[in-house]
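Accompanying notes for the structure given below.
The values are calculated or read from the model by the stated rules, or taken from the named source; none is laboratory data. Keep in mind the model is a prediction, meaning the values are calculated, not measured. Here the Cβ positions follow ideal geometry from the backbone for every residue, glycine too, while neighbour counts run over all protein chains shown. Protein only, heavy atoms only, side chains kept; ligands, DNA and RNA dropped before computing areas. Shrake-Rupley method; radii C 1.70, N 1.55, O 1.52, S 1.80 Å.
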Amino acid sequence: LVAGLAERFFPDSPQIEQLAQPEAMQGHVIIVGFGRVGQGMAHLLDSQQIAFVALDSKPERIAALRAQNKAVHFGDASRVEVLEGLHAGHAAAVVIAIDRPGEVETIVRTIKAAWPHLPVFARARDTAHAAALHRAGATLASPEAIEATLDLGEAVLEGIGVPHDAARRFIEEQRAAERAKA
């Protein structure tokens, strides 16, 4: 049914696919959500030569990314069998980069129920959402607005003459205080 709907509404999109089963896939990072944040994470991992596999649930995005020769799989990360297809049990970590708070929490719970040892790093909407994700088992939940503010704040402090080390120390103190709230 879902494959038929995807084909009907997105004729150029990938079909519901059988995920790749590479024999030696282990120690990789699974990126859930391959929009702006997920692609940025992929770039960071690539620059450090860290293997990753990307997963997204939007057929139109996948079609566009595949047209750019980017490897991304179609699937729902809240389904254990999809994560098993990505060898989640042998992964180094999962990064959840989607911006739908309820879905992020469901995915965290799914992962932690199946693989309690697997570190999960999640994008959070705000500190309340970060707290909920921590309760669900996330290793780290990063509130996007707060992180953007801290990054910008550090640049502003340095830009107006605060020494780099002092600005960095202050921002790290603020980051720790925000994490303590969650």
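Below is a table of values for the structure above.
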quantity: Angle between the chain longest axis and helix 127-136 axis [Cα atoms, degrees, rounded to 10]; calculated: 50
quantity: Electrostatic dipole magnitude of region 38-182 [Cβ: Lys, Arg +1; Asp, Glu -1; Cα centre; debye, to 20]; calculated: 340
quantity: Nearby lysines by direct alpha-carbon distance to LYS112 (threshold 26 angstrom, same-chain neighbours under 8 apart not counted); calculated: LYS58, LYS181
quantity: The chain: calculated mean residue ellipticity at 222 nm from DSSP helix runs of at least 4, using -39500 (n - 2.57); calculated: -15500 deg cm²/dmol
quantity: Lys/Arg +1, Asp/Glu -1 at C-beta; the chain dipole; positive extreme among HIS164, VAL37, ALA122; calculated: ALA122
quantity: Length-normalised contact order of the chain in % [C-alpha pairs under 8 Å, at least 6 apart]; calculated: 18
quantity: Solvent accessible area, Å² - SER47, 1.4 Å probe, full protein context; calculated: 70
quantity: Accessible surface of the chain, 1.4 Å probe, proportion on carbon and sulfur as whole %; calculated: 56
quantity: Accessible surface, 1.4 Å probe, highest first, among residues LEU55, LEU157, LEU152; calculated: LEU152, LEU157, LEU55
quantity: Top of VAL72, VAL162, VAL95 by mean-square fluctuation, Gaussian network on the chain, Cα under 10 Å; calculated: VAL162
quantity: Relative packing of peptides 83-92, 25-34 - highest average C-beta neighbours within 10 Å first; calculated: 25-34, 83-92
